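The values are calculated or read from the model by the stated rules, or taken from the named source; none is laboratory data. Here the structure is a predicted model, which is why all the values come from computation and not from measurement. Here the Cβ positions follow ideal geometry from the backbone for every residue, glycine too, while neighbour counts run over all protein chains shown.
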Amino acid sequence: MPSYVQKMAYPSALVGYWPLNSKHGARDVSGYGNDAVQHDTGLAEGPGGEVGGSFYFKGIFGSRLDIPNNGALQTGPYMTMLAWIYPEGNRGPIFSYQRNFPQTLWDYGASLWIDSNPSMLATQFWGQDGYKIKSLWNEVIKQGEWQFVSATYSLTTGLVKVYWNGTEVASEDQGSLDLASQTHFPVVMAGKPAAKDGKKDERNYKGRIAHMQVYNIALTQEQIKEAMERTKGGYD
């Protein structure tokens, strides 16, 4: 586990961490072993200017990461998704659990997207029974610059929250859900593979991503800011 995580107050809550840099490649360094499979990606400058500090996605079909789920990504009824992103125009998934894949492309689990238009940061969650709560979003994304994006859900409060650069920008009480991420759904980043019937989702994220993290608690705004500051220039 990275040293910066060990210094935090909540390292045991980290269930997935992909630095996405030249040192670690697509490996999951959380200790849970959900290493990603790369497809047509490259390396680029990171959020702190570090050489090879991020993965670059081309915004075309096939440029993506596929992440298996050995059960460690079952977050239970609390969840946080965090990442540094440097978007370049396209809408697409930053991190998305895929239910019932490869039978269908459109049955998501928990997800964090740039959606509908290039400025829209959006998240949505599904219940274990297939019930979807509506997307929560805010038009805060700025193209061509680094920003830290986050989404949380808490069963205790029922609140879904969206954060941009460590500041809460959307919040809504969406009730009690048993998150779809509790099962063994695989995850995609930046795009999806074709479905079993050959259909494709042409929404593909274009730009850089670094320090993708998943926690099985709903981090507070202060904890999210800490994660942002500790990963801005790398953690070693």
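Would you point out which residue out of 44, 110 is at pLDDT below 90, on the phi < 0 side of the Ramachandran plot and touching a Ser or Thr at 6+ places or on another chain (Cβ under 7 Å)? From the options 44, 110, the qualifying one is 110.
Scanning the stretch 8-33 for residues that are within 28 Å of residue 221 (Cα to Cα), outside any strand (DSSP E or B) and in contact (Cβ under 8 Å) with a residue 40 or more places away in the chain turns up 8, 9, 10, 13, 19, 20, 30, 32. Filtered by the rule that a residue be of a type in the set (Ser, Thr, Tyr) and more than 26 Å from residue 177 (Cβ to Cβ), the stretch 45-92 gives 54, 56, 63, 86. Taking (1) within 15 Å of residue 205 (Cα to Cα); (2) in contact (Cβ under 8 Å) with a residue 60 or more places away in the chain in turn, residue 111 satisfies each apart from (2).
Within the stretch 219-230, residues that are in a helix (DSSP H, G or I) reach partners that are among the aliphatic types (A, V, I, L, M) and crowded, with 17+ Cβ neighbours inside 10 Å with beta carbons closer than 9 Å, at six or more positions or on different chains, in the pairs 223/217; 224/82; 226/219; 227/5; 227/82; 227/219; 228/82; 230/5. For the stretch 44-64, residues that are part of a strand (DSSP E or B) and not aromatic (Phe, Trp, Tyr) total 4.
For the residues 175, 166, 198, 144, the requirement of being surrounded by fewer than 21 Cβ atoms within 10 Å (Cβ to Cβ) and within 16 Å of residue 90 (Cα to Cα) singles out 144. Could you check, for the stretch 152-160, whether at least one of its residues is buried (at least 20 other Cβ atoms within 10 Å of the Cβ), of a type outside the set (Lys, Arg), within 19 Å of residue 122 (Cα to Cα) and free of Cβ contacts under 8 Å to residues at least 60 places away in the same chain? Yes, the stretch 152-160 has at least one match. When the residues of the stretch 92-125 are filtered to those that are in contact with a Phe, Trp or Tyr (Cβ under 7 Å, 6 or more places away or on another chain) and charged (D, E, K, R), the one that is nearest to residue 192 (Cα to Cα) is 99. In the stretch 48-55, is there at least one residue being of a type in the set (A, V, I, L, M, F, W, C), under 15 Å from the mean Cα position of the chain (by Cα), farther than 16 Å from residue 231 by Cβ and surrounded by 19 or more Cβ atoms within 10 Å (Cβ to Cβ)? Scanning the stretch 48-55, I find no residue that is of a type in the set (A, V, I, L, M, F, W, C), under 15 Å from the mean Cα position of the chain (by Cα), farther than 16 Å from residue 231 by Cβ and surrounded by 19 or more Cβ atoms within 10 Å (Cβ to Cβ), so the answer is no. Is at least one residue of the stretch 88-107 surrounded by fewer than 20 Cβ atoms within 10 Å (Cβ to Cβ), touching a strand residue (DSSP E or B) at 6+ places or on another chain (Cβ under 7 Å), farther than 21 Å from residue 34 by Cα and acidic (Asp, Glu)? Yes, the conditions are met somewhere in the stretch 88-107.
Selection within the stretch 11-43: residues that are among the charged types (D, E, K, R) and under 17 Å from residue 57 (Cα atoms). The member of this set that is surrounded by the most Cβ atoms within 10 Å (Cβ to Cβ) is 27. Against the list (1) touching a strand residue (DSSP E or B) at 6+ places or on another chain (Cβ under 7 Å); (2) under 16 Å from residue 187 (Cα atoms); (3) modelled with pLDDT of 95 or more, the condition residue 35 fails is (1).
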